[in-house]
Structure formats: structure tokens, C-alpha cells
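First up is the structure itself, then whatever we jot down about it.
The values are calculated or read from the model by the stated rules, or taken from the named source; none is laboratory data. Everything numeric here is computed off the predicted structure, so don't read it as measured data. All Cβ positions, glycine included, derive from the backbone under ideal geometry; neighbour counts span all protein chains shown. To get the accessible areas, we keep the full protein, side chains included, count just its heavy atoms, and leave off ligands, DNA and RNA. Shrake-Rupley method; radii C 1.70, N 1.55, O 1.52, S 1.80 Å.
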Amino acid sequence: MKIAILGGTGNIGKGFALRWGQKHEIIIGSREQDKAKAVASEYNEILEKFGHNKNITGTDNKTAAEKAEIIVVAIRYNQLAPVMNLIKPVIENKMVISVVVPMERNMCYISPGSNYPRTPIESKDFNTEYFCFSMPELGSAAQEIFTMIPESTELVAAFHTVPARKLANLEMELDYDIGVCGNSMHAKEIVFGLVKDISNMRPLDIGPLETAGMIESLTPLLINVAARNEMKDVSLKFV
């Protein structure tokens with residue numbers, strides 16, 4: 001398949017490119033075409049080092065989306081609206097996978113604009129740094145994306161809990177579960193296959209798109225667990 005990774009120059013994008021680039025044609029998308037091309041060359045060198053074919057190219061976000069069958073949106077939440085508006089004209093009858101997480105540093109709220117209580121922390125030694133899921137008005141980033149795409153475009157939310165650094169380390173085998181949300185069983189089956197393309201990863205059906213907020217909220221949870229408990233690159237396995 002032809003897979004565009006928008007945000008492919010970032011940490012999680014690198015992992016997707018290196019893992020899927022062994023079996024699929026990968027197009028790195030970025031706001032800067034030259035940066036995307038340079039990063040694609042870097043990823044190809046890594047694949048060649050591990051004995052895999054070099055099948056990664058780079059271009060701007062819109063061109064990447066236009067050329068691909070599947071578009072992985074792996075960008076920051078605050079970049080979502082302009083990027084989706086940019087690619088909307090070229091993603092008819094295609095599939096979008098959202099990895100986007102709305103989260104804030106040192107701030108938690110249930111709904112945008114709401115007042116939330118802050119409980120005083122008395123100990124000066126207490127680490128007050130944390131990340132928290134900041135729920136959009138529609139419930140999740142994926143549900144917002146749904147309002148930004150053509151009716152013919154299928155949408156799935158997945159891969160929110162995979163550690164970026166371990167995903168990009170081809171020497172590591174990842175024994176993780178990946179939650180998948182979406183309203184099209186056809187689209188989810190394709191994503192199940194992409195999960196299984198990464199050795200030892202297991203896809204789990206979480207439900208329709210309306211459940212995406214639950215898996216998006218796990219990303220800041222895992223970051224906090226790792227940061228506060230001297231752990232690195234924490235993920236999930238259901239047993």
C-alpha cells in the first residue's frame with residue numbers, strides 16, 4: 001500500500017516509516033518539502049543498514065496525501081485544523097488514521113473553557129509537572145477530524161499508546177496491544193493488518209469512533225507513569 005505519514009519527520013512518524021517501510025511504500029509529509037526529503041533519505045539509510053529495501057520518499061503534506069491510499073495524521077493537536085483543511089480536497093475515497101492527542105501540560109479540564117479546581121500541594125519536593133488529556137468539545141481529536149473530511153473518506157483512530165522511541169528502534173520487538181476505533185469495519189480491518197505488520201503487536205477493537213476519546217486519553221497517562229516512576233517508553237498489554 002501507499003501510506004502517507006503527515007508529521008513523518010517527528011518521533012512517532014519515524015517509527016511508522018521504519019516499521020511499515022519494510023513492506024509498504026511510505027511517503028513522508030511535512031510542511032517543508034526539503035525537510036521531508038532529507039528525513040526520508042535518513043530513514044532509507046536505516047532500512048538499508050538492517051537489510052531492507054529502501055522505499056521511503058518525502059514531500060509536502062498535501063502532495064503526500066494526494067499520492068497515498070492511506071493517510072496517517074501524526075501531528076500536534078494545534079496543527080490539526082490547518083493541515084486537514086489543506087489535504088481535504090485530495091483525500092476523497094481514501095482512508096485516514098488519526099494518532100492525534102489533545103493534551104495540555106500542567107492543566108486538566110473536562111470540557112474546553114470550564115473552570116477546574118486546583119488542589120494546593122504543600123510539599124516543596126513534590127513534582128507538579130504532568131500532562132493531561134484536554135477533551136475537545138466533540139469528545140476527541142478523531143471526532144473533530146470526522147467533521148473535516150469528505151463523506152467518502154474512512155476514518156480510524158489508533159496507535160495512541162505505542163512508544164515512539166521503541167517503535168523507531170528496529171532492534172526491538174514490541175509486545176504491545178493497540179486499540180483501534182472506527183465506524184467502518186472495512187477500514188478497521190486494514191488497520192488491524194498494519195498493526196500485525198509490526199512483529200508481536202496485537203490490534204484490539206475498541207468500538208466506534210465515539211470511543212476514541214478513551215484511547216486518546218491514555219497517551220498523557222502513560223507519559224506521566226513513565227516520568228514519575230523512573231520508567232521509559234511505557235505502553236499497554238491487556239492480560
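For this structure, a couple of remarks:
- Summed side-chain charge close to ILE97 - residues other than ILE97 whose Cβ falls under 14 Å, Lys, Arg +1, Asp, Glu -1: -1
- Taking a ≥ b ≥ c as the square roots of the eigenvalues of the Cα gyration tensor, the stretch 10-61 is classed as prolate, since a/c reaches at least 1.5 and a/b is larger than b/c.
- Accessible area per residue for the chain is 52 Å², calculated with a 1.4 Å probe on protein heavy atoms, without ligands, DNA or RNA.
- Across the chain, the relative contact order, built from alpha-carbon pairs under 8 Å that are at least six residues apart, equals 18 percent.
- Of the whole protein surface, SER184 contributes about 30 Å² of accessible area at a 1.4 Å probe radius.
- Here the label points at LYS37 and GLU104, each 7 Å from Cα along the C-beta direction, are separated by 4.1 nm in the simple model.
- Only protein heavy atoms count here; under a 1.4 Å probe, PHE126 has an accessible surface of about 110 Å².
- The length gained on full extension between GLU48 and ASN11, counted as 0.36 nm times the residue separation minus their Cα-Cα distance, comes to 11.4 nm.
- Mean Cα-pair separation over length for the stretch 26-69, i.e. relative contact order, pairs under 8 Å, 6 or more apart, %: 52 percent
- For the stretch 1-119: Kirkwood Rh in Å [reciprocal of mean 1/r, alpha carbons]: 15.1 Å
- Placing dummy labels 7 Å off each Cα toward the beta-carbon, the span from VAL234 to ASN169 is 1.7 nm.
- Heavy atoms of LEU155: accessible area, 1.4 Å probe, square angstrom to 10: 10 Å²
- Counted by Cβ distance under 12 Å from ALA226, the other residues give a net charge of +2, where Lys and Arg count +1 and Asp and Glu count -1.
- Violating pairs (Cα-Cα greater than 23 angstrom) within the set LYS23/LYS188; LYS54/LYS88; LYS67/LYS166: LYS54/LYS88; LYS67/LYS166
- When the residues ARG76, ARG19, ARG31 are ordered by accessible surface, computed with a 1.4 Å probe over the protein chains alone, the sequence from largest down reads ARG31, ARG76, ARG19.
- Set the Cα radius of gyration of the chain against 2.2 N^0.38 Å, with N its number of residues, and you get 1.02.
- Note on the stretch 120-212: antiparallel DSSP beta bridges, both residues inside, total approximately 40 percent of the bridges counted.
- Relative contact order, whole percent, for the stretch 1-108 stands at 29, derived from Cα pairs under 8 Å and 6 or more residues apart.
- Most simply put, the chain has about 20% antiparallel DSSP beta bridges, counting only bridges with both residues inside it.
- Estimated inter-spin distance, LEU204 and ALA226, nm [label 7 Å along Cα→Cβ]: 1.9 nm
- Protein-only accessible surface order, largest first, of ILE97, ILE46 at 1.4 Å: ILE46, ILE97
- Cysteines not pairable in the chain (beta carbon separation under 4.7 Å absent): CYS181
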